[in-house]
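A short write-up of the structure that comes next.
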């Protein structure tokens, strides 16, 4: 049965293990103060850890406090699970904060950390972030009277895609999962191996080793159709089985979704070869492991395969609202949704600043109806300061204030791993991004409190 936290040996005893007494960093003291005063943060993690565990017997496992501290250390150091394991068991300050006792080494192995950290839901990280900021408001360390907004991109952990590569990967994945499923009735040898021929065709097209590229692509598409037919036969045979082993259910579900994805890749490859037709960008598949990812283009920069992230930060740099979108949404179309989420948690702000992407007639009227006193959206085109009812001095002040959100985004990307999220799958990707923001808020507030 999981527990929230447990009693730790005296820190003096832990420090005596190596004969040194080290100074505790201020941010660690701040985090400890937050966790002591706001136990509901640990209760949120505890509820996710205990989800689906009805039996109260057995080993206690990693506590909610130790799990949160492990996440804080990983995001703050932007390190791997192997490095995290070493840090958690060798740094006395982290042991003190996580309340780790000698003999708890088995709880912080690489596999245990990876399995436990991904159990926390994305919504839980959002609640932790909100609880942290509200505690900062109660302690008069921060306020949400002045806010600023901006958008950025978060890349997924996937190589740059092209249709030829996706076709080859699709054939390979279909065949591997079909063989695994067919092992239930000893049918692995009946499945024809198309991977070698598919790889030959893929390499010829990729390195331009043939003049007849379209002919080679058609051969690759034919191999993909044959592999899909073989996979569908395996699925049909599995459905007829009376007794299905539990460990093969996941493989069966993956195989079904993969068949649909490979069919989509074949369609977009044939459309590309045709030249006259175009396929909708939102209907395209760029990665089998990250089907939710899209190419995001911001300004004149290179396109990024990932998701678009909208943020609202306050004067102290704390992220009050974060929204991930599935499409490359226009900034002005997201303002109402962003501000509504902020108002629901912290009330109507006194001042709002944003760049020229957020300005529109509807957004200005919406902010006026909310009784926002100073609207500091950057003007463009036919918009003037008279539309915002703002003076020159206030406008300059709000634009200087708005520039601070660029520094907040830069800090998140450089120090908290928000440039690229390595967690696989849509749900895990969202959890990875929102956990980075929650940890950023906790560390930022801890420095304001001490």
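The values are calculated or read from the model by the stated rules, or taken from the named source; none is laboratory data. This is a predicted model, so every value here is computed, not measured. Cβ: placed from backbone, ideal geometry, glycine included. Neighbour counts: every protein chain shown.
Structure notes:
- Within segment 390-403, at least one residue is outside the structural domain of residue 71 (by TED's automatic domain parsing), touching a residue at least 12 places away in the same chain (Cβ under 8 Å), assigned to a helix (DSSP H, G or I) and within 28 Å of the chain's Cα centre (by Cα).
- The set of residues in segment 297-324 that are within 17 Å of the chain's Cα centre (by Cα) and more than 30 Å from residue 349 (Cα to Cα) comprises 304, 305, 306.
- Selection from segment 410-422 of residues that are out of contact with any strand residue (DSSP E or B) (no Cβ under 7 Å at 6 or more places or on another chain), farther than 15 Å from residue 311 by Cβ and either without any contact (Cβ under 8 Å) to a residue 12 or more places away in the chain or not in a helix (DSSP H, G or I) (or both): 414, 417, 422
- When segment 105-122 is filtered for residues that are part of a loop (DSSP other than H, G, I, E, B) and crowded, with 19+ Cβ neighbours inside 10 Å, only 120 remains.
- Selection over segment 338-384 of residues that are touching a residue at least 60 places away in the same chain (Cβ under 8 Å) and on the phi > 0 side of the Ramachandran plot gives a count of 1.
- Checking every residue in segment 321-331 against the condition of being at pLDDT 85 or above, assigned by TED's automatic domain parsing to the domain that holds residue 150, assigned to a helix (DSSP H, G or I) and closer than 23 Å to residue 122 by Cβ gives at least one match.
- Within segment 423-444, at least one residue is in contact with a strand residue (DSSP E or B) (Cβ under 7 Å, 6 or more places away or on another chain), closer than 20 Å to residue 130 by Cβ and without any contact (Cβ under 8 Å) to a residue 60 or more places away in the chain.
- Whenever a residue of segment 241-256 is in the same structural domain as residue 230 (by TED's automatic domain parsing), its partners that are at pLDDT below 80 and surrounded by 11 or more Cβ atoms within 10 Å (Cβ to Cβ), lying with C-beta atoms within less than 9 angstrom and at least six residues away or across chains, give the pairs 252/244.
- Within segment 166-218, if we keep just the residues that are in contact (Cβ under 8 Å) with a residue 60 or more places away in the chain and within 22 Å of residue 242 (Cβ to Cβ), the residue that is nearest to the chain's Cα centre (by Cα) turns out to be 177.
- Given (1) within 19 Å of residue 165 (Cβ to Cβ); (2) in a helix (DSSP H, G or I), number of the condition residue 289 does not satisfy: (2)
- Test: residue 242 is in a loop (DSSP other than H, G, I, E, B) and closer than 30 Å to residue 348 by Cβ: no
- Per-region count, segment 363-389, residues assigned to a helix (DSSP H, G or I) and in contact with a helix residue (DSSP H, G or I) (Cβ under 8 Å, 6 or more places away or on another chain): 7
- Conditions (1) farther than 28 Å from residue 126 by Cα; (2) in a helix (DSSP H, G or I); (3) at pLDDT 55 or above: number failed by residue 22: (2)
- Residue 335 satisfies every condition listed in (1) assigned by TED's automatic domain parsing to the domain that holds residue 148; (2) part of a helix (DSSP H, G or I); (3) touching a helix residue (DSSP H, G or I) at 6+ places or on another chain (Cβ under 6 Å); (4) surrounded by fewer than 17 Cβ atoms within 10 Å (Cβ to Cβ) except (4).
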